[in-house]
1. Look through the stretch A:150-198, keep the residues that are among the aliphatic types (A, V, I, L, M) and under 18 Å from A:Lys106 (Cα atoms), and return whichever of them is nearest to the other protein chains (Cβ to nearest Cβ).
2. Can you list residue pairs whose Cβ atoms sit under 6 Å apart, with the first residue in the stretch B:76-89 being more than 18 Å from B:Ala64 (Cβ to Cβ) and the second being crowded, with 18+ Cβ neighbours inside 10 Å and of a type in the set (Lys, Arg)? Count only pairs 6 or more apart in sequence or on different chains.
3. State which residue is nearest to B:Leu132 (Cα to Cα) when the search covers only the stretch B:182-196 and only residues that are assigned to a loop (DSSP other than H, G, I, E, B) and more than 7 Å from chain A (Cβ to nearest Cβ).
4. Answer yes or no as to whether B:Leu170 is in contact with a helix residue (DSSP H, G or I) (Cβ under 9 Å, 6 or more places away or on another chain) and within 14 Å of chain A (Cβ to nearest Cβ).
5. Is it fair to say A:Asp121 is modelled with pLDDT of 85 or more, surrounded by fewer than 21 Cβ atoms within 10 Å (Cβ to Cβ) and within 11 Å of chain B (Cβ to nearest Cβ)?
6. Being over 20 Å from B:Thr206 (Cβ atoms), touching a Gly at 6+ places or on another chain (Cβ under 8 Å) and in a helix (DSSP H, G or I): is that true of A:Lys106 here?
7. Considering A:Val164, A:Val178, A:Val195, which residue is within 18 Å of the chain's Cα centre (by Cα), among the β-branched types (Val, Ile, Thr) and either closer than 24 Å to A:Thr74 by Cβ or surrounded by fewer than 20 Cβ atoms within 10 Å (Cβ to Cβ) (or both)?
8. Answer yes if at least one residue in the stretch B:153-175 is closer than 27 Å to A:Thr170 by Cβ, touching a residue at least 12 places away in the same chain (Cβ under 8 Å) and aliphatic (A, V, I, L, M), and no otherwise.
Amino acid sequence: MAFPGQPAPGGGFYQGGYGGAPGGPAFPEQAQDPLYGYFAAVAGQDGQIDADELQRCLTQSGIAGAYKPFNLETCRLMISMLDRDMSGTLGFNEFKELWAVVNGWKQHFVSFDNDRSGTVDRQELEKALMTMGFRLSPQAVTAITRRYSTHGKITFDDYVACCVKLRALTECFRRRDVSQQGFVNFQYDDFIQCVMSI
Amino acid sequence: GFPGAGPAPGAPPSGPYPGAPYGSGPSPAPGAPYGQPPPGGPYGPPGCGPQPGPYGGAAPGGNAPPGVDPEAFSWFQAVDADHSGYISVKELKQALVNSNWSTFNDETCLLMINMFDRTRSGRIDVYGFSALLRFIQQWKNLFQQYDRDQSGSISFSELQQAFSQMGYNLSPQFSQLLLARYAQRSPSPSIQLDRFIQICMQLQSTTDAFREKDTGLVGNVRLSYEDFLTMVVTRML
């Protein structure tokens, strides 16, 4: 995917129009990463970004492409997906990871959005989720399409929110499926915490 | 075991009401920590935000449908900005405010609309709205009870206490995670009424989902991946 801020020909540090962090970047190798420009532009002194800053960052970077920028709730969800230290914020490496994941989902979405409307319909969503490997019962698919569609259409933003939740739930289950048989014994308190952490 | 003494499905316990300063409903009450509410009640004037003009106290509401409180009815009419006879998530959001004057977040409004929407249309009628107001008032009373230092928001230790008193046995890390996700970034993060309602509603949904599977009431269930996804997705979205 082409986005603004490609490295200048011949290599070297390209500031991407936003400048590096005040006083220069902390890690020289980060500075050469085009993503660092977007990140540094919104991150504070602590080198972390919260949901509001992530929203700005993703919008400026153009990852949503022709699609509308992400809403705040989706940004909050994306942070929780990678927020290993439970700080409610992302550092640069986590941000890079997020970027790669969201890009992958975007390619997938685009392949189903045949009329380039920025939305997919229910059947397309179901197909997209199945090809991503989620084994969903009919009730689950109905619940998902009801929750995420507006007038029968699902936007890219809502699609990402849906993918984040499914991925987080899958991770949650997989971590507890010690024998890898596809079954987990859940204690009540653990179940609550697992489900409400997504 | 399950939190037996906890809130009944859908509503917090109708325990002792907190002291006088909070009033007993959507009527103006003096004093901190919720400040001097503008006319229309502690949730702010209906439609507060971009709408200009005074709302005053509740209009007489003479045409209230049978069984609907006149004040709830006049509030309904004010909130139903497009006069469709229904209130949408968007309209509801404009009508409800936290103690720091932020409007209720989308997720909480969505959860509440779904709870009182009998037609599965994503909107509520005047009866649903009237029930929703009572629902919110009950949660608000509980919130104020747990807000021991009367700050208008619930801190980490207050949240721990709340869970414990509701009968849940949840780890400090869990409360930490909720605060990290839902509180403003600050040295002492705390959550507002909207997020408190959201959290409690989700705790109840999750408990119901689990209890349904745990027919032997042993506190433990064996789930396949597909069952797990279905359970969560059908109840938590």
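The values are calculated or read from the model by the stated rules, or taken from the named source; none is laboratory data. What you see is a predicted model; the values in this text were computed from it and never measured. Backbone-built Cβ (ideal geometry, glycine too); neighbour counts: all protein chains shown.
1. Taking the stretch A:150-198 and keeping what is among the aliphatic types (A, V, I, L, M), we get A:154, A:160-161, A:164, A:166, A:168-169, A:178, A:184, A:192, A:195-196, A:198.
Cutting the leftovers down to under 18 Å from A:Lys106 (Cα atoms) gives us A:154, A:160-161, A:164, A:166, A:168.
Numbers: A:Ile154: 13, A:Val160: 14, A:Ala161: 10, A:Val164: 12, A:Leu166: 7, A:Ala168: 10 Å.
Once the filter is applied, the top-ranked residue is A:Leu166.
2. Filtered contacts from the stretch B:76-89: B:Ser88/B:Arg123.
3. Let us first name the residues in the stretch B:182-196 that are assigned to a loop (DSSP other than H, G, I, E, B), namely B:183-189, B:192.
Checking which are more than 7 Å from chain A (Cβ to nearest Cβ) leaves us with B:183-184, B:186-189, B:192.
Numbers: B:Ala183: 24, B:Gln184: 26, B:Ser186: 32, B:Pro187: 34, B:Ser188: 31, B:Pro189: 28, B:Gln192: 18 Å.
So the residue we want is B:Gln192.
4. Numbers: in contact with a helix residue (DSSP H, G or I) (Cβ under 9 Å, 6 or more places away or on another chain): yes; within 14 Å of chain A (Cβ to nearest Cβ): yes.
Yes: the conditions hold for B:Leu170.
5. Numbers: modelled with pLDDT of 85 or more: yes; surrounded by fewer than 21 Cβ atoms within 10 Å (Cβ to Cβ): yes; within 11 Å of chain B (Cβ to nearest Cβ): no.
Spelling it out, it is not the case that A:Asp121 is modelled with pLDDT of 85 or more, surrounded by fewer than 21 Cβ atoms within 10 Å (Cβ to Cβ) and within 11 Å of chain B (Cβ to nearest Cβ).
6. Details: over 20 Å from B:Thr206 (Cβ atoms): yes; touching a Gly at 6+ places or on another chain (Cβ under 8 Å): yes; in a helix (DSSP H, G or I): yes.
Criteria met by A:Lys106.
7. Working: A:Val178 fails: within 18 Å of the chain's Cα centre (by Cα); A:Val195 fails: within 18 Å of the chain's Cα centre (by Cα).
The conditions single out A:Val164.
8. No, there is no match, as no residue in the stretch B:153-175 is closer than 27 Å to A:Thr170 by Cβ, touching a residue at least 12 places away in the same chain (Cβ under 8 Å) and aliphatic (A, V, I, L, M).
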